[in-house]
Amino acid sequence: MAPRSIGRRHASALETLSITVEEPFVPLFEQALMCACETVGIFEADDAQKYWRVEGVKDTGFKEDELENALAVARMLTGCEAELERTPTESEGWLARTYESFPQQNVGKRFAIRGTHLHGAPDQSRLTITLDAGIAFGSGEHGSTRGCLRALEMVAYRKPQRILDMGCGSGILAMAAAKLLHRPVLAVDIEPWSVRTAKLNARLNGQGNLLDCRFGNGWQTEAVRAKAPYDLVFANILARPLCRMAQSLALNLAPNGTAILAGLLYSQARMVLAAHQRQGLVLERILREGDWATLILRRRG
């Protein structure tokens, strides 16, 4: 996954922090690193997606007390005593390397994802979504994001009216749906940082009037329940949480509604599909981007 940034851009001496934990513990340790780090990224540590590496970049010596306290809380709540590894990181050219790693991404037939650092007029033949390269989590280069955008193109002809982006991250999928379908989108995330980022990106892309970005705990979120059922739901999360949420998705999907599920490896597609088929959803298509899969599911009318 691409890095998340907390907005501090320049440093004289940097260090990279890394901690490897099981999937359910990732959000708490991610939040712990975000209290001090320039950027925080989440990366697969094994093919089974059981363990993930949470990695951050920070100014050496910056907010050490806050970091230690946050890590102590994460360890207490999870029972995970994973050790934090520190590596000196060359600061010269760090921001330039970040920009270089985020060139324009053309996805599918319709979309282009551009960083704010890129100059020149955007391609008028594509729907352009602009993101800050420093806060580019969900920036279009990851296979799961690309798969969701391709899937959106395939189902757009159905003209869904009620749209939900569950676990919105940067808001890229919600913005893409709003731009393509000209419809309001409810974007929800369990992390306050993601909600703030999605709001900023929505305004940056002139979509502030169409995106309703909310903090909430998945399907328990009051705004989510109030606006159900949905004609189109994005859920670009992880395989096991998708399985756990299958029943709630089915209950909140309108007849003939479409769900686009991602964040899962191709090897996990059968497991995720089975969980949703047990709830009466049917598979329309599986898209593959490298090792990643995107499922397009439908609820019968």
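The values are calculated or read from the model by the stated rules, or taken from the named source; none is laboratory data. Predicted, not measured: the structure shown is a model, and the values here were computed from it. Ideal geometry is used to build each Cβ from the backbone, glycine not excepted, and the neighbour counts take in all protein chains shown. These area figures cover heavy atoms from the full protein model, side chains too; ligands, DNA and RNA do not enter into them. Shrake-Rupley method; radii C 1.70, N 1.55, O 1.52, S 1.80 Å.
Things to note:
- Net charge dipole, segment 14-91: roughly 140 debye, given to the nearest 20, about the Cα centre with Cβ charges of +1 for Lys and Arg and -1 for Asp and Glu.
- Close amide H pairs (under 5 Å, H built 1.01 Å from N) link Asp165 with Leu186, Ala187, Val188, Phe234, residues at least 5 positions away or on another chain.
- Here Rg and Dmax of the Cα atoms in Å was calculated from the structure, and among (1) 20.5, 65; (2) 18.9, 59; (3) 24.3, 84 it sits at label (2).
- Using only Cα coordinates, the Kirkwood hydrodynamic radius of segment 14-91 works out to 12.4 Å.
- What the phi angles of segment 242-256 give under the Karplus curve with 6.51, -1.76 and 1.60, with θ = phi - 60°, is a coupling list of 4, 4, 5, 9, 4, 5, 5, 4, 4, 5, 9, 9, 5, x, 6 Hz, glycine and proline written as x.
- Under 15 Å from Lys50, Cα to Cα: aspartates and glutamates that are on another chain or at least 8 residues apart: Glu22, Glu23
- For segment 140-299, the spherically averaged projection of the C-alpha convex hull amounts to 8.0 nm².
- CD proxy at 222 nm, helix term only [per DSSP H run n ≥ 4: -39500 (n - 2.57); per residue of the chain; nearest 500]: -9000 deg cm²/dmol
- Near Leu253, the amide H atoms lying under 5 Å from its own belong to Tyr230; only residues 5 or more places off or on other chains count, and H is placed 1.01 Å from N.
- Atom-type composition of the exposed protein surface of segment 14-91 places 52 percent of the accessible area on carbon and sulfur (1.4 angstrom probe).
- Of the complete DSSP H runs in the chain, none spans 20 angstrom or more by Cα along the long axis with a mean Kyte-Doolittle score not below 1.0.
- Neighbourhood charge, 11 Å Cβ-Cβ cut-off, centred on Ala187 and excluding it, Lys, Arg +1 and Asp, Glu -1: -1
- Given their separation in residues at 0.36 nm each and the Cα-Cα distance between them, Lys109 and Arg225 gain 38.4 nm when the chain is fully extended.
- The chain: antiparallel DSSP beta bridges as a percent of all, rounded to 5: 60 percent
- Seen through its C-alpha gyration tensor, with square-root eigenvalues sorted a ≥ b ≥ c, segment 242-301 comes out prolate because a/c lies at 1.5 or above while a/b is bigger than b/c.
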